[in-house]
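Visitor: Just passing along the structure, written as structure tokens.
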Ligand code: URA
């Protein structure tokens, strides 16, 4: 039986699929790419927000399914979680050419969908992966102070007030940073420990693409 949350997430997907005004829409179509909406438990306590889909993700429609995704899975395993226990999405829902940084107008266009996803899933913890995600989410909740850097905030638990109640934002480095850098990996492993206290796996067997 499909829940209200599933239906609302499907409506978000349909809107992104038909987002012809996106500057990334032609690139998606010309490459037979998929938009990447999100994946995981619709009742997850923890939502991870990355930056944008890469090539693997755009070819499959699944977030974090390449090299960074393997790091994310290992980090989750280090705190006894797996993908089914959390929800994973991105700031941008379409791949930028050559994986370049998201542009301001792209962030403005795609983040209303992210905000809707947050409202539907109502996570207790929003774990941002990388500086773009951190800055957007902290600004969104009025918790960003000018020029704050991820190097200062990673691993912090920042209490915010969402429309559905109180939540915590935990800024984390992007898993890609750990791919070729052992000390970044250690930092990420340490920071992930912060998530442990929030990690009550919600409903078993509810892994969903959307
Ligand atoms: N990097 C991201 O930020 N998101 C993905 O889905 C994959 C790689």
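The values are calculated or read from the model by the stated rules, or taken from the named source; none is laboratory data. It should be emphasised that the depicted structure is a prediction, and the values quoted were computed from it without experimental measurement. Note: ideal-geometry Cβ built from the backbone for every residue, glycine included; neighbour counts use all protein chains shown.
Visitor: Provide a single number: the residues in region 120-145 that are within 16 Å of the ligand (Cβ to nearest atom) and assigned to a helix (DSSP H, G or I).
Guide: Final tally of qualifying residues: 7.
Visitor: Could you list, in sequence order, the residues of region 167-184 that are touching a residue at least 12 places away in the same chain (Cβ under 8 Å) and surrounded by fewer than 18 Cβ atoms within 10 Å (Cβ to Cβ)?
Guide: If the condition is that a residue be touching a residue at least 12 places away in the same chain (Cβ under 8 Å) and surrounded by fewer than 18 Cβ atoms within 10 Å (Cβ to Cβ), then 179 is the only one that fits.
Visitor: Another question, then. Of the conditions (1) within 21 Å of residue 114 (Cβ to Cβ); (2) crowded, with 16+ Cβ neighbours inside 10 Å, residue 187 satisfies every one except a single condition; which number is it?
Guide: (1)
Visitor: Continuing with the same structure: With the requirement that a residue be within 20 Å of residue 69 (Cβ to Cβ) and touching a strand residue (DSSP E or B) at 6+ places or on another chain (Cβ under 7 Å), what does region 185-198 give you?
Guide: 188, 191, 195, listed by residue number.
Visitor: Is there any pair linking a residue in region 146-159 that is part of a strand (DSSP E or B) to one that is loosely packed, with under 10 Cβ neighbours inside 10 Å, with Cβ under 9 Å and at least six apart or on different chains, and which?
Guide: Sorted first by the residue in region 146-159, then by its partner, the pairs are 159/166.
Visitor: Can you tell me which residue among 193, 184 is closer than 22 Å to residue 41 by Cα, part of a helix (DSSP H, G or I) and at pLDDT 95 or above?
Guide: 193
Visitor: In addition: Give just the number: which of (1) more than 25 Å from residue 163 (Cβ to Cβ); (2) not in a loop (DSSP other than H, G, I, E, B) does residue 117 not satisfy?
Guide: (1)
Visitor: From (1) in contact with a helix residue (DSSP H, G or I) (Cβ under 9 Å, 6 or more places away or on another chain); (2) without any contact (Cβ under 8 Å) to a residue 12 or more places away in the chain; (3) closer than 26 Å to residue 10 by Cα, pick out the condition that doesn't hold for residue 108.
Guide: The failed condition is (1).
Visitor: Pull out all pairs, ordered by first then second residue, where Cβ-Cβ is under 8 Å, the residues are six or more apart or on different chains, the first lies in region 42-71 and is on the phi < 0 side of the Ramachandran plot, and the second is buried (at least 24 other Cβ atoms within 10 Å of the Cβ) and modelled with pLDDT under 95.
Guide: Within 8 Å, no pair qualifies.
Visitor: Any chance region 114-131 includes a residue that's out of contact with any strand residue (DSSP E or B) (no Cβ under 9 Å at 6 or more places or on another chain) and touching a residue at least 60 places away in the same chain (Cβ under 8 Å)?
Guide: yes
Visitor: Out of the residues in region 86-104 that are outside any helix (DSSP H, G or I) and surrounded by fewer than 17 Cβ atoms within 10 Å (Cβ to Cβ), which is nearest to the ligand (Cβ to nearest atom)?
Guide: Checking each candidate, the answer is 101.
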